[in-house]
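The values are calculated or read from the model by the stated rules, or taken from the named source; none is laboratory data. Nothing here was measured: the structure is a model prediction, and the numbers come from that model. Note that we place each Cβ from the backbone using ideal geometry, even for glycine, and neighbour counts take in every protein chain shown. Each accessible area value is taken on the protein alone, full model and side chains, heavy atoms only, with ligands, DNA and RNA left out. Shrake-Rupley method; radii C 1.70, N 1.55, O 1.52, S 1.80 Å.
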Amino acid sequence: MDATSSAHDETSEAQGPAPRRARGRNPRGQGERLRNEILSATLRLLDDLGDDEALSLRAVAREVGIAATSVYIHFEDRDTLVYAALERSHRDLMRDLDEAEAASADPVGRLRARLLFIGTWVGRHSGLYKVLHESTLNQRTHLAFKEELGERVTAAVQRCMDAGLAPADDAAAVALDLRAAVHGAVSIRVNEPDLPWPPLEDQIDRFLAKLVGVRPTP
């Protein structure tokens, strides 16, 4: 070893190891993008499982292709993650319901379109429906966003009454009866799919006639 190298090594040892560079922040938007990917994966798994308690954060991480610890960066536990995923699903459902309603010109047609869309959505996402309405999550957590569904149906029933298309009544009570009938119909279809079911449209039209007092034109 020459004198120059020896002097350089002695200087390096005296100064100690080079300081570790601080880890930079994620590029702008990357954290939010990962959060959305986690939510999307959670919704896919919940729809397959139909049971939030069967979901594991490790399974979500595998679905996304990340370490399980990365999930905890965004969600502190499973219930927090499931709540956020269901809230996003609800937000998307509300948007699609509004679009379905907008295709009808009169209040009765809009109410019918809303109920039919909900039935169609449940047929495509029976697992999510089970988690939303039949899981123990409902006892552990108040799913506040679900209240909007009831409020929207009540408003739709009230519009039918205000337009003179349905008998004047307590719109909230009528809407609750209507929701109970529709949810009962779709829930039994999910849990007993082999029964000889009539078209959902026919059932909903009967509910509208008997509970709201309107005769929709398909």
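Below are the figures for this structure:
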{"read-out": "Extreme residue, nearest to residue 132 (Cα to Cα), among residues of the stretch 189-206 that are of a type in the set (D, E, K, R) and assigned to a helix (DSSP H, G or I)", "value": "189"}
{"read-out": "Entirely in the stretch 44-152, the helices (runs of 4 or more DSSP H) that have 3 or more residues that are over 23 Å from residue 188 (Cα atoms) and over 17 Å from the mean Cα position of the chain (by Cα)", "value": "57-64, 68-74, 78-102, 107-124"}
{"read-out": "Qualifying residue in the stretch 209-217 (condition: assigned to a helix (DSSP H, G or I), of a type outside the set (Val, Ile, Thr), more than 26 Å from residue 83 (Cα to Cα) and open to solvent by less than 70 Å² (accessible area, probe 1.4 Å))", "value": "yes"}
{"read-out": "Test: residue in the stretch 33-43 that is more than 19 Å from the chain's Cα centre (by Cα), farther than 20 Å from residue 127 by Cβ and either at pLDDT below 95 or not hydrophobic (A, V, I, L, M, F, W, C) (or both)", "value": "no"}
{"read-out": "Qualifying residue in the stretch 168-188 (condition: part of a loop (DSSP other than H, G, I, E, B) and within 22 Å of residue 146 (Cβ to Cβ))", "value": "yes"}
{"read-out": "Pair list, Cβ < 7 Å and 6+ apart or interchain, from the stretch 102-129 residues that are within 23 Å of residue 86 (Cα to Cα) to residues that are part of a helix (DSSP H, G or I) and of a type in the set (Asp, Glu)", "value": "113/101; 114/101; 116/201; 117/96; 125/47; 127/47; 127/48; 128/47"}
{"read-out": "Scan of the stretch 122-152 for residues that are polar (S, T, N, Q), at pLDDT below 90 and within 20 Å of residue 41 (Cα to Cα), ordered by number", "value": "135"}
{"read-out": "Verdict on residue 111 being in contact with an Asp or Glu (Cβ under 9 Å, 6 or more places away or on another chain), open to solvent by 30 Å² or more (accessible area, probe 1.4 Å) and of a type in the set (A, V, I, L, M, F, W, C)", "value": "no"}
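Condition check ((1) open to solvent by 20 Å² or more (accessible area, probe 1.4 Å); (2) in contact with a strand residue (DSSP E or B) (Cβ under 6 Å, 6 or more places away or on another chain); (3) under 19 Å from residue 89 (Cα atoms); (4) among the aromatic types (Phe, Trp, Tyr)) across all residues:
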| position | (1), (2), (3), (4) |
| --- | --- |
| 147 | yes, no, yes, no |
| 162 | yes, no, no, no |
| 185 | no, no, no, no |
| 193 | yes, no, no, no |
